[in-house]
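Written below as structure tokens is the structure these notes are about.
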Amino acid sequence: MAEKIAVVTGGGTGVGKAMTKALVEIGFTVVISGRRQEVLEAAAQEIDPAAVHPVPADVADRASVAALFKAVEDKFSRLDLLVNNAGIFPPSVPLEELSEADWNASVGVNLSGAFYCTQEAFRIMKAQTPQGGRIINNGSISATTPRPNSAPYTATKHAITGLTKSSSLDGRRFDIAVGQIDIGNAASEMTGKMGHGVPQADGSMAPEPTIDAAHIGRAVAYMASLPLDANVFTMTVMANQMPFVGRG
């Protein structure tokens, strides 16, 4: 495969790092972004410092996102893939106790951040030759089904599905393919507590299984490997025995 350029937000840890590793393995050069320079640099050294380029950015900050994509364009002159992976999960508290700051932080990172990055990717992908590219959004199982006390995360992930649909439609005539991967219980810092028990819909606490984040990386690599006349519009990759299908 000729050199392809990717941006993975939240690419320094967890599933983002697994995605980055899998993309490098199929020939991508990957720019990873996140708020902590030292974390990004450690991930680049661990995966492949020649193929992974850390660029700190806060996706909730419009100017920071613009600077990220300008750095990509200045260095590589094109963009073939954007993975909107960055996300946060606010405190799990009753809906009426959630602070305005936690709500706004969730919307800022999980939704506005994906929108800002999508805007910048569209601008580059529409202008480059050959035209086009691919965007993959991390939707999460919460894009369809909530957990207890998760209104901000669930609302933003439902909105990601709307963003995926709209940007897929708007990008179609420019050869910009947009899809979504919904992830269930991939092992990461965010899911570390699941083995000890997490709230269930019936009010009980129960441990839940997780899967190796490498499975998510390989799924994203498959989506990214397709030619632009083909698209995985939605994919769900989950721990097989997690309480999601049925009444859980």
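Only the coordinates and a few stated rules stand behind these numbers; no lab work does. Source: prediction; values computed, not measured. We place every Cβ from the backbone using ideal geometry, glycine too, and count neighbours over all the protein chains shown.
Summary of computed values
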read-out	value
Among (1) out of contact with any Gly (no Cβ under 8 Å at 6 or more places or on another chain); (2) closer than 17 Å to residue 121 by Cβ; (3) not small (Gly, Ala, Ser) - the single one residue 199 does not satisfy	(2)
Among the residues listed as 22, 18, 67, the single one being free of Cβ contacts under 8 Å to residues at least 60 places away in the same chain and not hydroxyl-bearing (Ser, Thr, Tyr)	67
Strands (runs of 3 or more DSSP E) (entirely within region 2-109) containing at least 3 residues that are within 26 Å of residue 129 (Cβ to Cβ) and not hydroxyl-bearing (Ser, Thr, Tyr)	4-9, 28-33, 81-84
Within region 167-180, considering residues that are of a type outside the set (A, V, I, L, M) and assigned to a helix (DSSP H, G or I), the one nearest to residue 95 (Cα to Cα)	167
Test: residue in region 88-109 that is under 21 Å from residue 224 (Cα atoms) and out of contact with any Phe, Trp or Tyr (no Cβ under 6 Å at 6 or more places or on another chain)	no
Residues (closer than 26 Å to residue 70 by Cα, touching a strand residue (DSSP E or B) at 6+ places or on another chain (Cβ under 7 Å) and not in a helix (DSSP H, G or I)) located in region 114-166	132, 133, 134, 135, 136, 137, 138, 139
Counted residues, region 77-100 - those being surrounded by fewer than 18 Cβ atoms within 10 Å (Cβ to Cβ) and within 18 Å of residue 122 (Cα to Cα)	2
